[in-house]
Amino acid sequence: MATAKTGWPRTTSLPYGATSADRSVHIYPLTNYTFGTKDALVEKDQSVQARFQRLRDEFQEQGMRRTVEGVLIVHQHNLPHILLLQLGTSFFKLPGGECKPGEDWTDALKRLLTYTLGRSEAQPMEWNVEDLISTWWRPNFEPPQYPYIPAHITKPKETRRMYVVQLPEKALFAVPRNYKLVAAPLFELYDNAACFGPVIASLPQALSRFNIMYS
C-alpha cells in the first residue's frame with residue numbers, strides 16, 4: 001500500500017491529494033533574490049489619528065477606499081516564507097497601498113509594487129499578479145477589519161484585497177531605507193495576530209488552497 005506524503009511538497013510533482021486542476025504557485029529560494037536600497041518612502045500619515053482623519057475626509061469626497069497588496073512567496077530551508085515590509089520593531093505590512101479612483105486592482109498593485117520595491121519607475125519590473133486570495137472590509141473609521149461585511153453595515157469605509165504575485169526565478173528588489181524587507185515563515189504567521197495583525201496572520205489559511213511548488 002502506498003504511503004501518503006505529508007508536509008509541504010519538496011519537489012515539483014503534485015502533492016498528495018492534489019489534481020492537475022488545482023492552482024499552483026512556483027516559489028524559488030530566497031537566495032535567488034538580491035536586495036538593494038533606495039530613498040525612504042514618505043508616509044502620508046504621521047500618526048494613526050491622522051490616518052483615520054484622512055480616511056474620513058477622502059470618504060466624503062471619493063467614497064470607500066480601495067487598498068490592494070501583494071503576497072510574495074519564497075522558500076528558505078524548504079519552507080514557504082512571505083516577504084513583509086517592517087517599519088520599526090513591531091509593525092509589519094504587505095507591499096501595496098491605495099488604489100486611485102477608477103484604477104483597476106491589478107494595475108494598481110503593479111504600480112504600487114514598483115513604487116515600493118522596484119529599482120526604477122522608468123523601467124518597471126514585470127509583476128505577474130495572479131489570484132485574489134483574500135478580501136477584508138473596514139466597516140467604520142476605526143482599526144478593526146473583517147473578512148466579511150457586518151450585517152448592519154451598508155457603507156464600508158475601506159475594502160482591502162490581497163493577490164498572489166508569482167515572482168520570477170531571480171530578481172533585484174530596491175527596499176526603501178526606512179523599511180526592512182523580512183521573510184516570515186508561514187508557521188510563524190499562523191494564528192499570530194498579536195504580532196502581525198489578523199490579516200497577515202490569516203495568510204497561511206488563505207494560501208492552503210494552492211499547490212506550493214518548489215523550484
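The values are calculated or read from the model by the stated rules, or taken from the named source; none is laboratory data. Since the model is a prediction, treat every value here as computed from it, not as a measurement. Because the Cβ atoms are built from the backbone with ideal geometry, glycine has one as well, and the counts that use them run over all protein chains shown. Please note that ligands, DNA and RNA were not included when accessible areas were found on the heavy atoms of the full protein model with its side chains. Shrake-Rupley method; radii C 1.70, N 1.55, O 1.52, S 1.80 Å.
Filter segment 53-73 down to residues that are closer than 24 Å to S202 by Cα and open to solvent by less than 30 Å² (accessible area, probe 1.4 Å), then give me how many there are.
8
Mind counting the residues in segment 189-205 that are more than 15 Å from L94 (Cα to Cα), open to solvent by 60 Å² or more (accessible area, probe 1.4 Å) and not aromatic (F, W, Y)?
Residues in segment 189-205 being more than 15 Å from L94 (Cα to Cα), open to solvent by 60 Å² or more (accessible area, probe 1.4 Å) and not aromatic (F, W, Y): 3 in total.
Got a sec? Which strands (runs of 3 or more DSSP E) wholly within segment 70-144 have at least 3 residues that are in contact (Cβ under 8 Å) with a residue 12 or more places away in the chain?
79-87, 96-98, 128-138
If P101 satisfies every condition in (1) closer than 26 Å to A194 by Cα; (2) out of contact with any Lys or Arg (no Cβ under 8 Å at 6 or more places or on another chain) but one, which is the exception?
Checking P101 against (1) closer than 26 Å to A194 by Cα; (2) out of contact with any Lys or Arg (no Cβ under 8 Å at 6 or more places or on another chain), the one that fails is (1).
Residues that are open to solvent by less than 70 Å² (accessible area, probe 1.4 Å), at pLDDT below 90 and out of contact with any strand residue (DSSP E or B) (no Cβ under 9 Å at 6 or more places or on another chain): does segment 41-52 have at least one?
yes
Out of V175, V165, report the one residue that is under 15 Å from the mean Cα position of the chain (by Cα) and either closer than 22 Å to T67 by Cα or among the β-branched types (V, I, T) (or both).
V165
Out of the residues in segment 94-147 that are among the aromatic types (F, W, Y) and in contact with a helix residue (DSSP H, G or I) (Cβ under 9 Å, 6 or more places away or on another chain), which is surrounded by the most Cβ atoms within 10 Å (Cβ to Cβ)?
Per the stated criteria, the residue is W127.
Of all residues in segment 148-167, how many are within 23 Å of V42 (Cβ to Cβ) and open to solvent by 30 Å² or more (accessible area, probe 1.4 Å)? Break it down stepwise before answering.
Let us first name the residues in segment 148-167 that are within 23 Å of V42 (Cβ to Cβ), namely 158, 160.
From what's left, open to solvent by 30 Å² or more (accessible area, probe 1.4 Å): 160.
Selection size over segment 148-167: 1.
Within segment 117-161, track down each residue that is of a type in the set (A, V, I, L, M) and farther than 26 Å from S208 by Cβ.
A122, M125, A151, I153
Residue check, A174 against (1) open to solvent by 20 Å² or more (accessible area, probe 1.4 Å); (2) touching a residue at least 40 places away in the same chain (Cβ under 8 Å); (3) not in a loop (DSSP other than H, G, I, E, B), all met but one. Which one?
For A174, the exception is condition (1).
Here is a list: T114, T106. Which entry is touching a Ser or Thr at 6+ places or on another chain (Cβ under 9 Å), β-branched (V, I, T) and closer than 28 Å to I212 by Cβ?
Residue meeting the stated conditions: T114.
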